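The values are calculated or read from the model by the stated rules, or taken from the named source; none is laboratory data. Model, not experiment: these values are computed from the prediction. Here the Cβ is made from the backbone with ideal geometry for all residues, glycine too, and neighbour counts use every protein chain on show.
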Amino acid sequence: MDFSSFVTSLGTSLIIFVVLMLAFTWLNRKPGNAVIYYPNRILRGLDPLEGRTVTRNPLAWIKEAVKASEADVIAVAGVDAAVYLVFLSSVLAILVFSGIILLPVLLPVAATDNGTQSTTDSNSQGTFKNLDKLTMGHIQESSSRLWAFLLGVYWVSFVTYYVLWKSYTHVSDLRAGAKTSAVVKPEEFAVLVRDIPAAPPGQSMKDHVDSYFRALHPETFYKSMVVTDNKKANKIWEEIEGYRKKLARAEVVYAESKTTGKPEGTRPTNKTGFLGLVGPKVDTIDHCNEKIQELLPKLEAEQNITLKEKQQGAALVFFCSKPAAVSASQTIHAQKIDTWTMMEAPEPRQVLWTNLSKKFYEREIRSLIVYGIVFLTVCFYMIPIAFVSAFTTMENLKKYLPFLKKIVDQPEIKTVLEAYLPQIALLVFMALLPTLLMFLSKEEGIPSESHAVRAASGKYFYFIVFNVFLGVTIGGTLYASLKEIIKKPSQIITLLGSSLPKSATFFLTYVALKFFVGYGLELSRLVPLIIFHLKKKFLCKTEAEVKEAWAPSDFGYATRFPNDMLIVTIVLCYSVIAPIIIPFGVVYFGLGWLVARNQALKVYVPRYESNGRMWPHIHTRIVAALIVYQITMLGYIGILRKFYYATFMIPVIAISFIFAYVCKQRFYLAFFHTPLEVACQGTKEIPNMESIYAAYIPPCLSTEKLQDVDQFEDAHSHSLRTTSL
């Protein structure tokens with residue numbers, strides 16, 4: 001990419017960002033848009049503009065974001081949001097401290113080298129028409145100047161160690177503080193038990209579980225809730241809820257049809273066939289009422305059958321105190337590892353009920369199969385990405401699509417296509433992947449939503465390391481240099497390595513596109529705003545439908561963390577090869593920190609709270625990205641630059657592994673388990689255990705006739721007792 005294409009890409013992205021910022025400043029002051037820009041505040045019963053100075057300054061939101069404390073973020077958006085902000089600020093600190101040394105030292109070292117380059121393009125006139133001249137590829141082989149780049153690797157590494165250690169300590173304190181809160185949380189008094197053996201003849205599964213834990217924990221055991229197969233009951237319950245929504249909508253339509261000239265109004269009708277397009281026409285209000293009355297007895301009957309006959313080999317066991325629950329979750333209860341498996345219970349809102357009953361060995365086999373599929377996906381997904389990254393170059397477009405030659409040869413169009421086409425193609429491919437990985441993660445038998453998010457984001461991270469970082473860099477080179485590789489197979493390392501500094505300009509524009517356009521769209525919320533107003537005007541009739549149309553999402557950690565980790569990996573790996581990428585990384589994470597703070601305080605509403613459980617995985621992946629960076633530099637400086645002192649980088653790679661091991665030994669167990677000293681703080685009195693128990697009753701089993709917890713429990717207890725008699 002030449003300098004004009006780079007400036008065009010950067011300038012266009014900046015203009016788009018400024019336009020989106022101005023749109024945000026104008027739109028968020030409109031009262032009708034408050035539900036899009038301040039849904040978090042509205043749901044908490046606050047005035048959207050409370051404590052906010054009305055101003056036309058497009059940067060006023062930055063002051064509000066910076067002014068808020070970490071405690072404010074936790075109170076509004078939870079510990080997980082605060083930990084995400086710690087991640088952004090940690091990476092920002094790593095890049096700022098690294099750039100303070102690398103930029104003023106390495107850029108002049110690379111730019112002023114006048115030696116002969118063997119693997120990169122040279123410019124005989126010495127001008128900086130090509131940005132590649134600011135990379136390490138401009139340094140001649142075996143030059144003593146490479147010492148500066150080697151020492152730069154050490155500087156980035158030790159800055160990363162220091163920042164990550166401080167951040168791990170801080171997040172550990174945040175998690176402990178959340179766990180010692182006086183607020184009663186149902187999951188802190190419950191334990192999830194899986195792999196329960198079959199109940200003895202004549203005894204229900206619930207009685208079996210109760211007798212087992214009452215014998216082992218006679219003073220602290222409260223009661224148990226056996227997991228049941230709720231699929232059929234849930235299907236009926238969802239059908240009833242659907243008819244209730246239709247009924248509410250039909251009643252509003254009927255009320256609106258009543259006018260002075262026609263006081264009786266017009267009763268709405270609909271067809272009962274496929275999508276309401278075919279079938280007999282019926283009165284909507286009467287039809288919905290009839291269906292609801294027809295389905296309620298079916299639901300009640302199915303609830304009784306489910307509770308009595310569909311109990312499964314998993315249960316939630318409740319204890320009278322937090323220390324008792326924590327001790328039980330960390331105690332080995334059975335001699336065999338595949339029976340009475342214990343763990344801390346997830347939040348009621350994030351339980352994946354269908355996965356709880358999966359047995360120990362089934363989960364192990366599922367995990368192996370899923371990771372096999374992920375391995376194949378990583379390996380073969382690289383083929384289309386490598387093809388696209390190579391095919392979308394200007395030369396290949398003109399070669400394989402000759403009818404486009406006249407169009408792409410025009411200077412304006414050529415500049416825009418060179419600036420954006422490869423990046424957009426890559427983004428489209430990457431957008432298809434998260435849904436697949438989340439589905440695969442849940443198929444492993446994972447018991448909670450937050451655990452599934454962690455598993456999916458981990459798979460996504462390793463995918464992007466191989467398929468984006470390596471796929472774009474190496475794939476393009478293989479495609480472009482295939483003939484030379486066939487003629488001279490021994491030159492493959494040199495040919496591949498020579499693309500590392502050259503690919504930096506691609507990643508510069510990729511990062512710029514991500515932070516200018518991506519953060520601009522997130523802050524302006526144009527897409528949710530347009531969708532909301534379209535739904536409100538053409539689809540919504542009831543207040544519930546309007547509220548559902550503007551209901552905010554959460555941060556979407558399953559995709560957000562991996563996408564940010566992609567930028568971490570790119571910027572780290574090119575921080576010494578092409579230091580000019582560091583300012584782009586600083587802008588990405590600095591702007592990201594501001595936007596995320598604004599969205600946490602005003603927009604997003606968390607779907608669950610894991611109290612920062614994601615952090616050990618974030619820490620491990622940052623260290624993994626650091627090790628990839630160190631190995632890349634070792635190979636590049638040692639083999640391609642023929643700098644024989646590159647072996648001095650081997651110790652820093654070993655230090656990274658030692659650092660990761662020490663951090664895991666020191667911090668990880670306090671994230672995997674709740675420490676007993678933490679559990680003993682906070683709530684001192686025994687809370688209302690009935691409400692804690694009721695929090696875990698699935699909605700499809702908690703209708704009017706089963707609101708009483710005792711009735712729900714009795715239905716569990718009499719499952720096999722009656723049949724045995």
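Just need a number here: residues in segment 169-225 that are of a type in the set (Gly, Ala, Ser) and farther than 24 Å from Phe360 by Cβ.
Residues flagged as of a type in the set (Gly, Ala, Ser) and farther than 24 Å from Phe360 by Cβ within segment 169-225 amount to 7.
Quick one: in segment 248-299, which of the residues that are charged (D, E, K, R) and outside any helix (DSSP H, G or I) is nearest to the chain's Cα centre (by Cα)?
The selected residue is Lys271.
Take the residues in segment 216-239 that are more than 31 Å from the chain's Cα centre (by Cα) and aromatic (Phe, Trp, Tyr), then tell me which one is nearest to Pro323 (Cα to Cα).
Only one residue fits best here, namely Phe221.
Among the numbered criteria (1) among the hydrophobic types (A, V, I, L, M, F, W, C); (2) modelled with pLDDT of 90 or more; (3) surrounded by fewer than 17 Cβ atoms within 10 Å (Cβ to Cβ), which single criterion is violated by Phe375?
Every condition holds for Phe375 apart from (2).
In the set Lys63, Lys67, which member is under 30 Å from the mean Cα position of the chain (by Cα), at pLDDT 90 or above, surrounded by fewer than 16 Cβ atoms within 10 Å (Cβ to Cβ) and on the phi < 0 side of the Ramachandran plot?
Lys67
For Gln303, are the conditions met, namely being farther than 25 Å from Ile464 by Cα and part of a helix (DSSP H, G or I)?
Considered against the rule, which asks whether it is farther than 25 Å from Ile464 by Cα and part of a helix (DSSP H, G or I), Gln303 comes out as yes.
Inspect segment 624-642 for any residue being closer than 25 Å to Ile94 by Cβ and part of a loop (DSSP other than H, G, I, E, B) and give the result as yes or no.
There is at least one residue in segment 624-642 that is closer than 25 Å to Ile94 by Cβ and part of a loop (DSSP other than H, G, I, E, B).
Would you mind finding the one in Val587, Val511 that is at pLDDT 90 or above and part of a helix (DSSP H, G or I)?
From the options Val587, Val511, the qualifying one is Val587.
Restricting to segment 211-239, count the residues that are buried (at least 18 other Cβ atoms within 10 Å of the Cβ) and either not in a strand (DSSP E or B) or not small (Gly, Ala, Ser) (or both).
15
Say we look at segment 243-271 and pick out the residues that are exposed (fewer than 13 other Cβ atoms within 10 Å of the Cβ) and not basic (Lys, Arg); which of these is modelled with the lowest pLDDT?
Thr260
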